[in-house]
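The values are calculated or read from the model by the stated rules, or taken from the named source; none is laboratory data. Remember, predicted model here, so these are calculated numbers, not experimental data. Note that each Cβ is placed from the backbone with ideal geometry, even for glycine, and that neighbours are counted across all protein chains shown.
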Amino acid sequence: MKLDFEHIPAGHCENGVISSLLNYHGLKLSEAMIFGIGSGYFFAYMPFVKVNGIPLASFRPVPGMIFAKAAKRLGIEMKKQSFRKQPKRAMDELDKVLDKNLPVGIQAGVFHLSYFPPAYRFHFNAHNLTVYGKEDDTYFISDPVMEYPTTLTSDELKKVRFSKGALSPNGKMYYPINIPEEIDLKSAIRKGIKQTSDWMLTIPVPLFGVKGIRYLSKRLRNWPNKLGAKRAAAYLAQMVRMLEEIGTGGAGFRFIYAAFLQEAASVMEDDRYNELSKEMTKIGDKWRNFSSLAAQTCKGRSADPDGYNTVANLMLEIADDEEKFFTELRKLIK
Amino acid sequence: MEKDKVPQDEGITGGVSREVQYAIDENGKYVKVMSTGWEPKNIVNDLAWEDIQEQVDIANEKIESGKASAIMYFMAKNQMDITLLSNYIELPKWKVKRHLKPKGFSKLNQTQLENYAKIFEISVDELLKYKPNN
């Protein structure tokens, strides 16, 4: 049995899965729209959370949050299930839901994902994909970060649903069970924007929002001194990966947000969103410039402080831009 | 970024897939453009793999000098540390640490060897016969 499911490649897995699940049920909302409504835009520097031993700089809120917030703001009811240490039950339950002709979103670890390009395969457990059918031992998979639909065997699927380590999925699966006939998109957009603006401007801890960008800029300047050439390059490289590697749509989600603002302009019937979308594109271009310069600095692992100072200065400039941007955006929803 | 400036630098996607990149078209409207990759991403991805290779090299040196068991190599190759491996093997970390030493490794029974081999997706034979540089 293979459902008539449209595979829609997306920038980011979490938004992509929700967007295509809703699409299956007749609700057409783009990935960018889900991202904006679910307040996916963020900045956080969390020195106490380490990935591969390196402090985490993130351009999005914790996995699962965009999804939960978007569903709530759209009034969509989702069924969510986890199966701690019960792989067999997790697979039986998945089959049961598929038998009801419902595609299912699941959380997966990337390391054992056999269809991924090898260079993508790290121990990252908060990936999302859709299962949309099963024939014998083969599951049909729509993974939004892949160009085309793909498949996994039963054993492979079980393995990625029960990967271990930080954010382990524990067989988590989800699917919409109730989608309202009428959706108040304007209100959902306002709520999404309000939260993102608040997060970026007013969290009273210097690690988040524009304050976080400034704080990290200060720390980053000292990396070559404090950590030595090799570690400093590893730290900076990881930042570029958070900005650009699979799942951000480029420039740490900044372009997806600009796309969201364009769509918001037509929903809200307000051209000012289009103007701000252009500003966001410029901010995204600056982050891309950051990635490009930072990668050059990482290459060859030079400890030359100039490279670090250049990107640190650029971050300060971006922090100012983002502060101005969200101050303006917030005015639109008042 | 404009649609025609979306980079197409072959690299980490390895010809297997292409990635979605958001860019504006000639009318200023956002569209999704498929990209084979971007050089800065290739650079930082390579760097991450160099670090993994370094761990593999360190493991091999320790195995050759009799300080570590083959598990250390397969652990590094699978990008694991002791914490993650102990999660997968469902044993406390102190036990895994023992198995990383040649002495502890030699005392593993068949079931334990099978469990490790399964996690590393190899056969028990490959685990037992592993030698660096062959």
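Tabulated values for the structure
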item: Residue A:254 charged (D, E, K, R), out of contact with any Pro (no Cβ under 6 Å at 6 or more places or on another chain) and closer than 24 Å to residue A:30 by Cβ; result: yes
item: For residue A:153: the one exception among (1) in contact with a strand residue (DSSP E or B) (Cβ under 9 Å, 6 or more places away or on another chain); (2) free of Cβ contacts under 8 Å to residues at least 40 places away in the same chain; (3) not assigned by TED's automatic domain parsing to the domain that holds residue A:129; result: (3)
item: Residue among B:80, B:72 that is under 30 Å from residue A:236 (Cα atoms) and touching a Leu at 6+ places or on another chain (Cβ under 9 Å); result: B:72
item: From the options A:264, A:259, residue that is at pLDDT 95 or above, over 13 Å from residue A:297 (Cα atoms), more than 9 Å from chain B (Cβ to nearest Cβ) and assigned to a helix (DSSP H, G or I); result: A:264
item: Unmet criterion (only one of (1) more than 21 Å from residue A:15 (Cβ to Cβ); (2) modelled with pLDDT under 95; (3) not small (Gly, Ala, Ser)) for residue A:241; result: (1)
item: Residue match in segment A:168-185 (condition: out of contact with any strand residue (DSSP E or B) (no Cβ under 8 Å at 6 or more places or on another chain) and closer than 29 Å to residue A:323 by Cα); result: yes
item: Search result, residues across segment B:52-76 that are within 14 Å of chain A (Cβ to nearest Cβ), crowded, with 16+ Cβ neighbours inside 10 Å and not hydrophobic (A, V, I, L, M, F, W, C); result: B:55
item: Residues within segment A:223-251 that are more than 7 Å from chain B (Cβ to nearest Cβ) and touching a Pro at 6+ places or on another chain (Cβ under 8 Å), tallied; result: 4
item: Residue check for residue A:303: surrounded by 15 or more Cβ atoms within 10 Å (Cβ to Cβ), assigned by TED's automatic domain parsing to the domain that holds residue A:215, at pLDDT below 95 and not in a helix (DSSP H, G or I); result: yes
item: Count - residues of segment A:99-119 that are under 23 Å from residue A:244 (Cβ atoms) and surrounded by fewer than 22 Cβ atoms within 10 Å (Cβ to Cβ); result: 5
item: Residue tally, condition among the small types (Gly, Ala, Ser) and surrounded by 14 or more Cβ atoms within 10 Å (Cβ to Cβ), over segment B:1-28; result: 4
item: Residue among A:10, A:32 that alone is within 14 Å of chain B (Cβ to nearest Cβ), more than 28 Å from residue A:207 (Cβ to Cβ) and buried (at least 24 other Cβ atoms within 10 Å of the Cβ); result: A:10
item: Segment A:107-133, subset out of contact with any Phe, Trp or Tyr (no Cβ under 9 Å at 6 or more places or on another chain) and part of a helix (DSSP H, G or I), residue nearest to residue A:18 (Cα to Cα); result: A:120
item: Members of segment B:87-134 that are among the polar types (S, T, N, Q) and within 23 Å of residue B:48 (Cα to Cα); result: B:87, B:133
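Conditions (1) modelled with pLDDT under 95; (2) closer than 28 Å to residue A:170 by Cβ, marked per residue:
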position: B:70; (1), (2): no, no
position: B:78; (1), (2): no, yes
position: B:83; (1), (2): yes, yes
position: B:88; (1), (2): no, yes
position: B:91; (1), (2): no, yes
position: B:120; (1), (2): no, yes
position: B:131; (1), (2): yes, no
